[in-house]
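Notes follow once the structure below has been shown.
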Amino acid sequence: QVQVVESGGGLVQPGGSLRLSCAASRIVFSLYAMGWYRQAPGKQRELVASITTAGRTNYTNSVKGRFTISRDNAKRIVYLQMNSLKPEDTAVYYCNAQNVARAYWGQGTQVTVSS
């Protein structure tokens with residue numbers, strides 16, 4: 001059974017940093033595009049950042065210059081480095097693994113930015 005597991009969330013003060021990790025098992029990781037999504041209370045889930053199998057990255061405008069997505073195919077992990085965090089970044093962050101045929105989601109990890 002495919003598993004996609006996020007970790008690294010928590011409570012951080014505004015201006016702080018967190019690094020999220022997402023480990024995927026039982027898939028050919030290098031053949032999947034990976035993405036980080038987030039969902040805040042009362043809002044729709046939105047794409048935060050994505051990285052293709054070739055390593056091309058894409059970010060939503062609100063996180064450009066603050067967040068960095070990267071992947072380690074050997075370890076089957078995708079990271080989201082989040083710097084200069086703002087209260088509006090508070091959300092549950094979900095990892096997504098996707099190819100042309102399938103998409104897998106993790107259970108999410110809570111990120112709370114508050115003083």
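The values are calculated or read from the model by the stated rules, or taken from the named source; none is laboratory data. Model, not experiment: these values are computed from the prediction. Note that each Cβ is placed from the backbone with ideal geometry, even for glycine, and that neighbours are counted across all protein chains shown. Just so you know, the surface numbers come from the protein's heavy atoms only, side chains and all, with ligands and any DNA or RNA stripped out. Shrake-Rupley method; radii C 1.70, N 1.55, O 1.52, S 1.80 Å.
Worth pointing out:
- Count of the stretch 38-95 residues, restricted to those that are within 16 Å of Gly9 (Cβ to Cβ), of a type in the set (Val, Ile, Thr) and out of contact with any Ser or Thr (no Cβ under 8 Å at 6 or more places or on another chain), is 1.
- Positions within the stretch 76-101 being open to solvent by 40 Å² or more (accessible area, probe 1.4 Å), outside any strand (DSSP E or B) and touching a residue at least 12 places away in the same chain (Cβ under 8 Å), in sequence order: Arg76, Asn83, Ser84, Lys86, Pro87, Glu88, Asn99
- Scope the stretch 32-45; condition open to solvent by less than 70 Å² (accessible area, probe 1.4 Å) and either over 14 Å from Ile69 (Cα atoms) or among the charged types (D, E, K, R) (or both); matching residues: Tyr32, Arg38, Gln39, Ala40
- Total residues in the stretch 12-29, condition open to solvent by less than 50 Å² (accessible area, probe 1.4 Å) and either farther than 18 Å from Val111 by Cα or part of a strand (DSSP E or B) (or both): 10
- None of Ile69, Ile51 is over 30 Å from Ser115 (Cβ atoms), β-branched (Val, Ile, Thr), free of Cβ contacts under 8 Å to residues at least 60 places away in the same chain and in contact with a strand residue (DSSP E or B) (Cβ under 7 Å, 6 or more places away or on another chain) except Ile51.
- Hits in the stretch 102-115 - residues which are outside any loop (DSSP other than H, G, I, E, B), over 30 Å from Leu31 (Cβ atoms) and open to solvent by 10 Å² or more (accessible area, probe 1.4 Å): Thr112
- Taking first residues from the stretch 1-15 that are in contact (Cβ under 8 Å) with a residue 24 or more places away in the chain and within 13 Å of Lys86 (Cα to Cα) and partners that are assigned to a strand (DSSP E or B) and of a type in the set (S, T, N, Q), the Cβ contacts under 7 Å between residues at least 6 apart in sequence or on separate chains come to Leu11/Thr112.
- Residue count for the stretch 46-75, restricted to those that are open to solvent by 50 Å² or more (accessible area, probe 1.4 Å), in a loop (DSSP other than H, G, I, E, B) and closer than 17 Å to Gly16 by Cβ: 1
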